[in-house]
Amino acid sequence: MADSTKTATLSFGDTTIELPMYSPSAGPDVIDISKLYAQGGVFTHDPGFTSTSSCESTITFIDGGKGELLHRGYPIDQLAEKSHFLEVCYLLLYGELPTAAQLEDFEFRVTRHTMVHEQMGNFFRGFRRDAHPMAVMVGVVGAMSAFYHDSTDVNDPWQREVAAIRLIAKMPTIAAWAFKYTIGQPMVYPRNDLDYASNFLRMCFAVPAEDYEVDPILARAMDRIFTLHADHEQNASTSTVRLASSSGANPFACIAAGIACLWGPAHGGANQACLEMLREIGTVDRIPEFIARAKDKNDPFRLMGFGHRVYKNFDPRAKVMKKSADEVLELLGVENNPTLQVAKELEAQALADPYFAEKKLFPNVDFYSGIILEAMGFPTSMFTPIFAVSRTVGWVSQWKEMISDPTMKIGRPRQLYTGSTARDYVDVEDR
Ligand code: SDX
């Protein structure tokens, strides 16, 4: 734990309590309220955790005001430009950039865990063909607990390491197979001679009748999308994984819980919702109508791909994603993609609108990712599964950090209860 160098004084009624404060290496100071109830008989109240630190972490830091995202101190724009996804996975998992030998060993280990138990293929066939790939991923990843018994003991560091590698390695295979199943094509096995992103693209787009030659520019764009989505502090799905893991549940079940949370349109499902919104807008002339709806308090509609709990400036990932979108669409000869035209004009109009400026609503990571993925040939239903493939390393890294903390305890929040106080049962004839 960071050192406590100062205290906060909290006074209410005739009670005054001194609470320890900690100064982080970056970000706001925190007030430790863990003893507040014992000393003062009161709870704090923070639905949505807008002002609450849930843990101490050394993995990722976001400065929402500056629009900065650091992974173990390295800025995301530098990692997106100079690194690649498996190297970023190593950095998130182990805390430092790997030497050439360490990277080679890590990539060898991940590559040789990309196949899934042959029996698991039967799970996919149990779903309806029109099942959402996220539903399939939640089920199949949870079912990994039934196959990999030699890496479910969270108290064994070696089993934790094996589970981490298995999850990072097998997620692309599971996502690709979920995709193939829903489009009625045979599943394609991973190949050890391909890098992580190329392997995923080939498993998605190769068919027995014709192999799929991976274009290096598309592979680079896919790898960059993986890098940009890898980890993001204590977001909803990562907090879900941490809370599930705090009970000692096995890693596969906890990651399945993270996938379930990521699915929501307010979180990882926003990339699918954003593209569906852009398609609904359809043409540039309809943009004002949708901006007006987003500003209307009586209309629940929100601009998908805009706003963020932490970023009150541009999401640095969106900037990189926008550049990548231009590269991919130019390569594919669809730079005149109507959806991209609507996206660019929507961004310009929203950013010029006082409502969005006042509320500091900027494009987030999900605003441009869907456009790239659609141009690559993915249906919108595959956007969030791809987010899940990438975020698995973030979930696993945060899980490892928490599980190996000797002070870790089960997460069990309290509440502000406003329901009925004690009352006696009334027999049905007297009601
Ligand atoms: C991700 O946490 C993470 O790090 C997430 C993520 C990650 O990598 O893990 O970054 C990935 O989830 C990105 C966010 C993707 N979601 C969307 O794009 C969905 C659209 N965005 C909104 O639903 C919203 O902005 C959230 C959920 C992202 C953030 O919501 P908050 O922090 O709870 O903010 P809020 O709902 O309290 O909004 C503040 C104000 C409100 O107006 P008032 O009530 O103050 O008058 O801004 C308004 C909101 O109505 N607002 C929007 C808006 N987002 C917020 N108005 C119109 N369009 C929007 N998109």
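The values are calculated or read from the model by the stated rules, or taken from the named source; none is laboratory data. Nothing here was measured: the structure is a model prediction, and the numbers come from that model. FYI the Cβ positions are ideal-geometry reconstructions off the backbone, even for glycines, and counts take in every protein chain you see. Ligands, DNA and RNA are stripped out before the accessible areas are found, and what is left, the full protein with its side chains, is counted by its heavy atoms. Shrake-Rupley method; radii C 1.70, N 1.55, O 1.52, S 1.80 Å.
Could you report the range 144-210's accessible area per residue, 1.4 Å probe, as an integer in Å²?
38
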key: Cα-derived Rg to Rh of the range 7-53, Kirkwood definition   = 0.98
query = Roughly how many debye, to the nearest 20, is the charge dipole of the chain about its Cα centre, given +1 on each Lys and Arg Cβ, -1 on each Asp and Glu Cβ, and no other charges?
reply = 480
key: Cleavage-rule hits (chymotrypsin sites (Phe, Trp or Tyr not before Pro)) in the range 7-60: DSSP loop, at most 15 neighbouring Cβ within 10 angstrom   = F43
request  = Once you've got the Cα coordinates, tell me which of K323/K344; K295/K360; K6/K400; K295/K359 are over 19 Å apart.
outcome  = K6/K400
task = For the chain, build the convex hull from the C-alpha positions and give me its volume per residue in Å³.
result = 208
task = Only Lys, Arg, Asp and Glu count, each charged at its Cβ (+1, +1, -1, -1), so figure out the dipole size of the range 41-180 about its Cα centre, rounded to 20 debye.
result = 700
inquiry  = How big is the range 282-373 along each principal axis, measuring the range of its Cα positions in Å and listing the largest first?
reply    = 41, 30, 20
key: Pairwise centroid distance, computed over Cα atoms, of the range 325-358 with the range 166-239, Å   = 26
query = Per the Debye formula with a single identical scatterer at each Cα and no solvent contribution, what log10 I(q)/I(0) holds for the range 38-159 at q = 0.18, 0.19 Å⁻¹?
reply = -1.15, -1.15
query = Ignoring any ligand, DNA or RNA, what whole percent of the accessible area of the chain comes from carbon and sulfur when the probe is 1.4 angstrom?
reply = 54
remark   = Taking Lys and Arg as +1 and Asp and Glu as -1, residues besides E18 with C-beta under 14 Å from its C-beta add up to +1
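Once the convex hull of the alpha carbons of the range 134-202 is built, what does its volume come to per residue, in cubic angstrom?
Convex hull volume per residue, Cα atoms: 98 Å³.
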query = For the pair D427 and Y74, how long in nm is the line joining their label points, each one 7 Å along Cα→Cβ?
reply = 7.4
ask   = For the charge dipole of the chain, defined by +1 on Lys and Arg C-beta atoms and -1 on Asp and Glu C-beta atoms about the Cα centroid, which residue among Q159, A253, I281 has the Cα displaced farthest towards the positive pole?
value = A253
Chymotrypsin sites (Phe, Trp or Tyr not before Pro) restricted to the range 292-388 and DSSP loop, no more than 16 other C-beta within 10 Å = F301, F314
